[in-house]
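*Asks:* This structure is in structure tokens; I'll ask about it shortly.
The values are calculated or read from the model by the stated rules, or taken from the named source; none is laboratory data. Here the structure is a predicted model, which means the values were calculated and not measured. Methodologically, a virtual Cβ is constructed for each residue, glycine included, from the backbone with ideal geometry; neighbour enumeration extends over all protein chains shown. These area figures cover heavy atoms from the full protein model, side chains too; ligands, DNA and RNA do not enter into them. Shrake-Rupley method; radii C 1.70, N 1.55, O 1.52, S 1.80 Å.
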Amino acid sequence: MSHLRPALVLLLLFTALTGIVYPLALTGVAAAIFPQQAGGSLIVQDGKIVGSRLIGQNFASDVYFHPRPSATTAPDPNDASKTVDAPYNAANSSGSNLGPTSKTLVERVKAAAEAKAAEGWSAPLPADALTTSASGLDPDISPAYALAQIPRVAEARGLDTAKLRALVTAQTKGRWLGLIGEPRVNVLALNIALDAFHARQ
């Protein structure tokens, strides 16, 4: 008993410290220093939450800029033992787990490239126009991919391509501290800006 009591006390103490006190303190500090990020980097439009800067959404209409392909799935409603494609399913973040030597991956990318060519895209295509991300929920695309979509969006909305190019440039974020990461465009933020711009025309 003399050995058991100190062990139980230490177990309860460290459980409280590491399981309750530390997480609450860290959450409080994060909320005080980075309130937007700690709150999920939510995007609010007209008083309603429309999404997060951290989680991509699937835009399929020609009037919007599209995200990169997504390999997320959902249970098949007709057979629970199977899955069906469900791009940007936030409840099932996942990649395809296909490596560079995978025949399935090569065939999928080739089919995507042929589909883009049929739509009128010209080579070279940006990599993120054809490949999925590891999470399947990537909120950003490369500036090259955004710029490549301008002709389609301009035609669908009847907008000037030069003005759309300026809009994409304004929404492009550079490398952090000029060194870390790659230039990127948040698809949801870009499409919200696009709707606002179109409404003003």
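*Asks:* Considering only protein heavy atoms and a 1.4 Å probe, what is the carbon-and-sulfur percentage of the accessible area of segment 1-107?
*Replies:* Ligands and nucleic acids excluded, carbon and sulfur reach 64 percent.
*Asks:* Per residue, how much accessible surface does segment 117-198 expose to a 1.4 Å probe? Answer in Å², no decimals.
*Replies:* Heavy-atom SASA per residue in segment 117-198 reads 50 Å².
*Asks:* Over the chain, what is the mean sequence separation of C-alpha contacts under 8 Å (at least six apart), divided by residue count, expressed as relative contact order in percent?
*Replies:* RCO, the chain: 19 percent.
*Asks:* Shifting gears a bit: Ranked from the most accessible area to the least, with a 1.4 Å probe and all protein chains present, what is the order of HIS198, HIS3?
*Replies:* HIS3, HIS198
*Asks:* What does the helix-only formula give at 222 nm for the chain: each DSSP H stretch with n ≥ 4 adding -39500 (n - 2.57), the total divided by the residues, and the result rounded to the nearest 500 deg cm²/dmol?
*Replies:* -12500 deg cm²/dmol
*Asks:* I'd like the orientation of helix 22-33 relative to the chain: the angle between its Cα long axis and the longest Cα principal axis, in ° from 0 to 90, rounded to 10.
*Replies:* The angle comes out at about 40 degrees.
*Asks:* Something else about it: Where does helix 103-118 land angle-wise versus the long Cα axis of the chain, in degrees 0 to 90, nearest 10?
*Replies:* The two axes meet at around 40 degrees.
*Asks:* Among THR15, PRO124, ALA91, which residue has its Cα furthest toward the positive end of the charge dipole of the chain, with +1 on Lys/Arg Cβ and -1 on Asp/Glu Cβ?
*Replies:* Of the options given, the answer is THR15.
*Asks:* Can I ask one more? Charges at C-beta only: +1 for Lys and Arg, -1 for Asp and Glu. How large is the resulting dipole of the chain about its Cα centre, in Debye rounded to 20?
*Replies:* Using Cβ point charges on Lys, Arg, Asp and Glu, the chain gives about 440 debye.
*Asks:* Modelling each spin label as a point 7 Å along the Cα-to-Cβ direction, I'd like the LEU26/ALA80 distance in nm, to one decimal.
*Replies:* 3.5 nm
*Asks:* For the chain, compute Rh as the Kirkwood radius over C-alpha pairs and then the Stokes-Einstein diffusion coefficient at 25 °C and 0.890 mPa s; write the answer in µm²/s, rounded to an integer.
*Replies:* 122 µm²/s
*Asks:* Here's a follow-up. Need the C-alpha centroid separation for segment 1-64 versus segment 83-157, integer Å.
*Replies:* 31 Å
*Asks:* Now, a different point. Can you give the angle from 0 to 90° between the axis of helix 187-200 and the longest principal axis of the chain, with both taken from C-alpha atoms, to the nearest 10?
*Replies:* 50 degrees
*Asks:* Leaving out ligands and nucleic acids, and using a 1.4 Å probe, what accessible area per residue does segment 14-84 come to in Å²?
*Replies:* 68 Å²
*Asks:* Hey, got the dipole for segment 82-187? About the Cα centre, +1 on K and R Cβ, -1 on D and E Cβ, debye to the nearest 20?
*Replies:* 80 debye
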